[in-house]
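J.: Below is the structure I would like to discuss, written out as structure tokens.
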Amino acid sequence: MTLQRWWNQALARWLVRFPALLAIWSRTRRFRKAETIPWMPLQKPLIQCRLALVTTAGVHLKEQPPFDMADPNGDPSFRELPGAVQAEQLRITHDYYDHRDADQDINIVFPIDRLRELVALGLIAGVAPHHYGFMGHIDKHHVDTLVTKTAPEVARRLRRDRVDAVLLTPA
Amino acid sequence: MGLIQRLIEAVGIPTVSVSIKRDITEQVRPPRAVFLKWPLGHPLGEPGQVDQQTTVLLDVLELLVTATEPGVIRDLPYRWRREEYHLAARLEQFKLAAGAL
């Protein structure tokens, strides 16, 4: 492992252990405040809805290429996950948060088993044919790639799959 | 995450997210979010805590149904590791509401 990756992972653990550090870190990052907010009301009762998950916690299939940890500005690409994916088929590649708990139970960042339990209870109609994994630590020119290319492509695929609603979870 | 959420909503799909960094969510302004003052890497809670994870999930789904204005951030009341979850009661309540949802 490179020194840079070791440092990123160590920093990630401190940020989880000391929330005050996280507050300081997030103040150093500038986000443009959006003027308008897109809005689409739910079109049918929840019990008739098929839901997809999108996470920025660095989740991908074990056989898919991991997210690029060498680029300090992150990796704006995404991984398409099958709707029927099992928790044990997944892994996390993301050095910028401490995912030892999520490695134990992926549901804390990608609640696929919990969602299926709600389907079994009849509270939602089903799980979408695909879910999507991103890594959240994206900076500089990769933000443009995310906003103009990869995220719109995922939006297009979610439309293709006719999902009724999307639940997004961060790292 | 909020940027991705906005782009998905913009193609006509309702979205909701879990935020654990409220200041960022306030700036990015996704259509709907629940906020939890919980540590990074734990948006649904702790490993193996099914009742806790499902409780958050139900609150998230409920917001999908009840939100009436764009940009809503609903603060969830759960304290980190100092909360008891009564899932059976919550599920009954959710089922009753689900008829209307």
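J.: Quick one: which residue in B:Glu69, B:Glu62, B:Glu26, B:Glu84 is more than 7 Å from chain A (Cβ to nearest Cβ), surrounded by 16 or more Cβ atoms within 10 Å (Cβ to Cβ) and over 13 Å from the mean Cα position of the chain (by Cα)? Spell out how you get there, then give the answer.
T.: Numbers: B:Glu69 fails: surrounded by 16 or more Cβ atoms within 10 Å (Cβ to Cβ); B:Glu62 fails: over 13 Å from the mean Cα position of the chain (by Cα); B:Glu84 fails: surrounded by 16 or more Cβ atoms within 10 Å (Cβ to Cβ).
Of B:Glu69, B:Glu62, B:Glu26, B:Glu84, the one residue that is more than 7 Å from chain A (Cβ to nearest Cβ), surrounded by 16 or more Cβ atoms within 10 Å (Cβ to Cβ) and over 13 Å from the mean Cα position of the chain (by Cα) is B:Glu26.
Conditions tested, residue by residue: (1) aromatic (Phe, Trp, Tyr); (2) under 25 Å from A:Val147 (Cβ atoms).
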position: A:Val59; (1), (2): no, yes
position: A:Asp71; (1), (2): no, yes
position: A:Ala84; (1), (2): no, no
position: A:Tyr97; (1), (2): yes, yes
position: A:Asp103; (1), (2): no, no
position: A:Ile108; (1), (2): no, no
position: A:Leu115; (1), (2): no, no
position: A:Gly122; (1), (2): no, no
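J.: Something else: Which residue out of A:Ile37, A:Ile92 is surrounded by fewer than 18 Cβ atoms within 10 Å (Cβ to Cβ) and either under 28 Å from A:Val163 (Cα atoms) or without any contact (Cβ under 8 Å) to a residue 12 or more places away in the chain (or both)? Outline the logic, then answer.
T.: Numbers: A:Ile92 fails: surrounded by fewer than 18 Cβ atoms within 10 Å (Cβ to Cβ).
The conditions single out A:Ile37.
Residue-wise test of (1) among the charged types (D, E, K, R); (2) in a helix (DSSP H, G or I); (3) under 19 Å from A:Ala34 (Cβ atoms).
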site: B:Thr25; (1), (2), (3): no, yes, yes
site: B:Pro39; (1), (2), (3): no, no, no
site: B:Pro43; (1), (2), (3): no, no, no
site: B:Arg74; (1), (2), (3): yes, no, yes
site: B:Arg79; (1), (2), (3): yes, no, no
site: B:Ala88; (1), (2), (3): no, yes, no
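J.: Condition check: without any contact (Cβ under 8 Å) to a residue 12 or more places away in the chain and either touching a strand residue (DSSP E or B) at 6+ places or on another chain (Cβ under 7 Å) or among the small types (Gly, Ala, Ser) (or both). Does A:Ala120 satisfy that? Even if it seems obvious, please write down each step before you answer.
T.: Working: without any contact (Cβ under 8 Å) to a residue 12 or more places away in the chain: yes; either touching a strand residue (DSSP E or B) at 6+ places or on another chain (Cβ under 7 Å) or among the small types (Gly, Ala, Ser) (or both): yes.
Considered against the rule, which asks whether it is without any contact (Cβ under 8 Å) to a residue 12 or more places away in the chain and either touching a strand residue (DSSP E or B) at 6+ places or on another chain (Cβ under 7 Å) or among the small types (Gly, Ala, Ser) (or both), A:Ala120 comes out as yes.
J.: Let me ask you something else. Working only within the stretch B:29-49, note down all residues that are more than 7 Å from every other protein chain (Cβ to nearest Cβ) and over 11 Å from the mean Cα position of the chain (by Cα).
T.: B:Pro30, B:Lys37, B:Trp38, B:Gln49
J.: I've got another one for you. May I ask you to list the residues in the stretch A:54-89 that are open to solvent by less than 30 Å² (accessible area, probe 1.4 Å) and within 9 Å of A:Gly133 (Cβ to Cβ)?
T.: A:Val54, A:Thr55, A:Thr56, A:Ala57, A:Gly58, A:Val59, A:His60, A:Leu61, A:Phe67, A:Arg79, A:Leu81
J.: Confirm whether B:Arg90 is charged (D, E, K, R), at pLDDT 95 or above and surrounded by fewer than 19 Cβ atoms within 10 Å (Cβ to Cβ).
T.: It is false that B:Arg90 is charged (D, E, K, R), at pLDDT 95 or above and surrounded by fewer than 19 Cβ atoms within 10 Å (Cβ to Cβ).
J.: Here is a list of conditions, (1) within 8 Å of chain A (Cβ to nearest Cβ); (2) over 28 Å from A:Leu15 (Cβ atoms); (3) not in a loop (DSSP other than H, G, I, E, B), and B:Val18 meets all of them except one; can you say which number that is?
T.: (2)
J.: Return the total of residues in the stretch B:35-52 being of a type in the set (S, T, N, Q) and over 16 Å from B:Pro77 (Cβ atoms). It would help to see each step written out before you state the result.
T.: Here is the first cut: in the stretch B:35-52, the residues of a type in the set (S, T, N, Q) are B:49, B:52.
Among the residues that remain, those that are also over 16 Å from B:Pro77 (Cβ atoms) are: B:49.
Result for the stretch B:35-52: 1.
J.: Another one. Given the conditions (1) buried (at least 16 other Cβ atoms within 10 Å of the Cβ); (2) under 25 Å from A:Pro76 (Cβ atoms), report the number of the one that A:Leu118 does not fulfil.
T.: Failed condition: (2).
J.: Where in the stretch A:64-171 are the helices (runs of 4 or more DSSP H), entirely inside, with at least 2 residues that are facing chain B (nearest Cβ under 8 Å)? Can you show your working first?
T.: On the way: elements: A:100-104, A:112-120, A:141-145, A:151-160.
Of the helices (runs of 4 or more DSSP H) lying wholly inside the stretch A:64-171, those with at least 2 residues that are facing chain B (nearest Cβ under 8 Å) span A:100-104, A:112-120, A:151-160.
The values are calculated or read from the model by the stated rules, or taken from the named source; none is laboratory data. It should be emphasised that the depicted structure is a prediction, and the values quoted were computed from it without experimental measurement. Cβ atoms come from the backbone with ideal geometry, glycine included; neighbour counts cover every protein chain shown. The protein model used for the area step is the full one, side chains on, heavy atoms only, and it has no ligands, DNA or RNA in it. Shrake-Rupley method; radii C 1.70, N 1.55, O 1.52, S 1.80 Å.
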